[in-house]
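One structure is given here, and the rest of the page talks about it.
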Amino acid sequence: MKRVVLFLEKYVSLFLLFFCISSTAQIDSLEQKLLKASKEDKVEIYIQLVTKYGEIKIDKAVNYAKQGLELLKDKNSKDAGYFYMRLGNFYNKKSQHAQALLYHKKALEVSIELKYELGIGKCYQNIGVTHIKMGQFDQTLDYYLKALKIYKKYNEQSLIVGITGNIGSLYSCRLKDDENGLVYYNRALELSEKAGNDKFRAHVLGAVAEMYMRQKDFLKAKKNLKESISTAEKANYFEINISGWSNLSIISLEENKLYEALNYAKKALKLRLKLGHSEDSTLSYLTLAEIYEKLGDNDAVTSNYNEALSVAIKSQALPQLSKVYHALHEYSNRKKEHKESYKYLLEYNEVKDSLFNIEKDKKLKEIQAQFDWESKEKEVQLLTNENKIKKIENKNQRTTQIILIIGLVALTLVLLTLFYAYKNKKLANTILAEKNKEISQALEDREILLKEVHHRVKNNLQIVSSLLRLQHSFSNHKSSTVILKEIQDKIQAMAIIHERLYKSSNLSLINLRTYLGNLLTYFNTSYNLTEQNITINTVMDDIDLDMDYLVPCGLIVNEILANSIKYAFLDGSNGQINIKASRNQDECILTIEDTGVGFPENFRIEDCQTLGMQLIQGLVKQIKGTVEIISNPGACYIITFKKNI
């Protein structure tokens, strides 16, 4: 058995190498031909390039498909339908589903115009798949059933097998109706067995296994998974084995069979790397780390987390990188390594912010693409209507001229009467349309800003949670009253930000001078600074910051002020604390100094292990700044960072 496995591994590697070399040579040859080809031949070359690049580089395939469409005079031809269909598939893979749906519907229009029923069925199936990705499951079922009806009419067995399996997945995975899902799965298995389609049979068996996994019926799930893997190996369909081994590993973890889970997870990772799925290998490394942690092998846990982080950073796949940082944050927390846990939490939040902005930009691009497409469609429709009118005019020129003359004479009197009313109505409609557009845009902007605020509040609550955990770790010798007071100061520093947002018309920026003024008012009241003979002076430029910078700055000022009030002034002596905020082009400088006792000789912040000093260092790093501490004779902190607006 071992020799057979080694043979298969060698065979797969050689096959993949040969495929890559062969595909590259063919693509180079086609691109050379494209330079000298005629306009008619170019279309056929574009079709071949789209097919080749569709498997290895989607952006290239999209570019060639669009170039092919531009060359076509007849946008209702079979070639146009092919380009529209492939563009729909490519945009689905790029997760730009609104654009994918537009192209699939355009392909459907072409198929209807050509009266190509099988093409109509395939378009229905593609539109159904797109609706699944958009979460519109009821519409998906309608399109799937329409496609199945057409496939049965033409007795297309391979297409019937595919759509039957799709309907089973829709019922089981999306509509949570396993009973109907199993009916269609079994029908698809019977049809694939009759047709001798091992590749699709392996796929359906894997889907059935996942259904049983959701039901926690692991015995049936394992039986179907092993049959799926065996069938896939017969058909040289090795990609299905990745999900098969991964699912077997998950089941073994559920059953607490850790060494069995480890064996399956290693097989899945090995096959992923062999097939070149480097981006997905991140998840395999995380699974292995989880298993090794349960086995108590700390070296293996660290090694797999490092591999996961290395692959995620190298591939720049933000969703995977987010999962890795979150897993490292939780793992460090379990090991009571709170400083490392806090560091990974900051990294996790930064990646999540990037993902949020990417999703926001992507949504705006999809809306713009849909608007551009609709505008283009209207132009095409207008041109089509004009051509039809010209044909009618050429056929009935004399009759049309007579009717136009009579009509013009009759309408002139009416138009003169209605002209001013029409003009006023048109003006009113234009003003109304502009107002509606402004209102709609304002609502969209407000919704995006509101989502952003909720997102920031959630992040701030996570920071509060981490601060509480750190406060607990560093508070072994403090009374509960002191601990609560320190926690209250930190939370109040963040609460003032949300109070300023509530009172401000701008939901994204807050003035630093106004914010620190409110914070100092709180300190004067909370610490009775007048009775302690302590005064705070401020000199500040007009600086606006968003929450990514304002929250860390507020917490930094809170820590420094609290330290100065508690430790800088001995025996009730008079003291001053001076705060200065200035800016130089895109750089901000925040200086906080007191007239107290200062720091010991040779003091270095890097060597200090107190919670306050570690927080200051971590928060300065979060805003990508630097901190310098001088004792001359009192304590002086100089924080420098780049302004983000």
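The values are calculated or read from the model by the stated rules, or taken from the named source; none is laboratory data. Keep in mind the model is a prediction, meaning the values are calculated, not measured. Cβ atoms come from the backbone with ideal geometry, glycine included; neighbour counts cover every protein chain shown.
Among the residues of region 120-161, those that are part of a helix (DSSP H, G or I) and aliphatic (A, V, I, L, M) comprise Ile120, Ile127, Val129, Ile132, Leu141, Leu145, Ala147, Leu148, Ile150, Leu159, Ile160, Val161.
Filter region 113-148 down to residues that are of a type in the set (D, E, K, R) and free of Cβ contacts under 8 Å to residues at least 24 places away in the same chain and give me whichever is surrounded by the most Cβ atoms within 10 Å (Cβ to Cβ). The selected residue is Asp142. Residue pairs whose Cβ atoms lie under 8 Å apart, sitting 6 or more positions apart in sequence or on different chains, and linking a residue in region 610-631 that is in a loop (DSSP other than H, G, I, E, B) to a partner that is of a type in the set (Lys, Arg), are Lys624/Lys642; Gly625/Lys642.
Does Tyr64 meet the test of being under 32 Å from the mean Cα position of the chain (by Cα), of a type in the set (Phe, Trp, Tyr) and modelled with pLDDT under 90? When the stated conditions are applied, Tyr64 passes them. The set of residues in region 105-156 being under 19 Å from Asp79 (Cβ atoms) and under 25 Å from the mean Cα position of the chain (by Cα) consists of Asn126 alone. Scanning region 37-49 finds one or more residues that are in a helix (DSSP H, G or I), closer than 28 Å to Lys146 by Cβ and free of Cβ contacts under 8 Å to residues at least 60 places away in the same chain. Give the residue that is farthest from Glu337 (Cα to Cα), with candidates limited to residues of region 278-309 that are of a type in the set (D, E, K, R) and part of a helix (DSSP H, G or I). So the residue we want is Glu307. When Lys222, Lys216 are checked against the criterion of being free of Cβ contacts under 8 Å to residues at least 60 places away in the same chain and surrounded by fewer than 18 Cβ atoms within 10 Å (Cβ to Cβ), Lys216 stands alone in meeting it. Select from region 544-587 the residues that are farther than 20 Å from Leu529 by Cβ and touching a Ser or Thr at 6+ places or on another chain (Cβ under 7 Å) and write down the one among them that is surrounded by the most Cβ atoms within 10 Å (Cβ to Cβ). Among residues in region 544-587 that are farther than 20 Å from Leu529 by Cβ and touching a Ser or Thr at 6+ places or on another chain (Cβ under 7 Å), the one surrounded by the most Cβ atoms within 10 Å (Cβ to Cβ) is Asp546. Applying the criterion of being small (Gly, Ala, Ser) and crowded, with 19+ Cβ neighbours inside 10 Å to the residues of region 589-645, the residue that is farthest from Thr538 (Cα to Cα) is Gly625.
Picking from residues in region 251-266 that are in contact with a Phe, Trp or Tyr (Cβ under 7 Å, 6 or more places away or on another chain) and part of a helix (DSSP H, G or I), the one that is nearest to Val301 (Cα to Cα) is Tyr264.
Picking from Ser505, Ser526, Ser466, which residue would you name as being at pLDDT below 85, more than 25 Å from Tyr342 (Cβ to Cβ), among the polar types (S, T, N, Q) and assigned to a helix (DSSP H, G or I)? Exactly one of Ser505, Ser526, Ser466 is at pLDDT below 85, more than 25 Å from Tyr342 (Cβ to Cβ), among the polar types (S, T, N, Q) and assigned to a helix (DSSP H, G or I), namely Ser526. For region 128-171, a residue qualifies if it is hydroxyl-bearing (Ser, Thr, Tyr) and modelled with pLDDT of 85 or more, and the qualifying residues are Thr130, Thr140, Tyr143, Tyr144, Tyr151, Tyr154, Thr164, Ser169, Tyr171. Scanning region 275-311 for residues that are closer than 23 Å to Gly244 by Cα, crowded, with 16+ Cβ neighbours inside 10 Å and small (Gly, Ala, Ser) yields a total of 4.
Has region 232-246 got at least one residue that is surrounded by 15 or more Cβ atoms within 10 Å (Cβ to Cβ) and over 21 Å from His203 (Cβ atoms)? No, there is no match, as no residue in region 232-246 is surrounded by 15 or more Cβ atoms within 10 Å (Cβ to Cβ) and over 21 Å from His203 (Cβ atoms).
Checking each residue in region 66-111 for being under 19 Å from Met134 (Cα atoms), hydroxyl-bearing (Ser, Thr, Tyr) and outside any helix (DSSP H, G or I) picks out only Ser95.
Is region 80-89 home to any residue that is of a type in the set (S, T, N, Q), touching a residue at least 12 places away in the same chain (Cβ under 8 Å) and crowded, with 23+ Cβ neighbours inside 10 Å? No - not one qualifying residue is present in region 80-89. Filtering region 303-331 to residues that are under 16 Å from the mean Cα position of the chain (by Cα), farther than 15 Å from Thr287 by Cα and among the basic types (Lys, Arg) leaves nothing. Just the residues that are within 18 Å of Glu40 (Cβ to Cβ) and among the small types (Gly, Ala, Ser), please, taken from region 60-108. Listed by number, the residues that qualify are Ala65, Gly68, Ser77, Ala80, Gly81.
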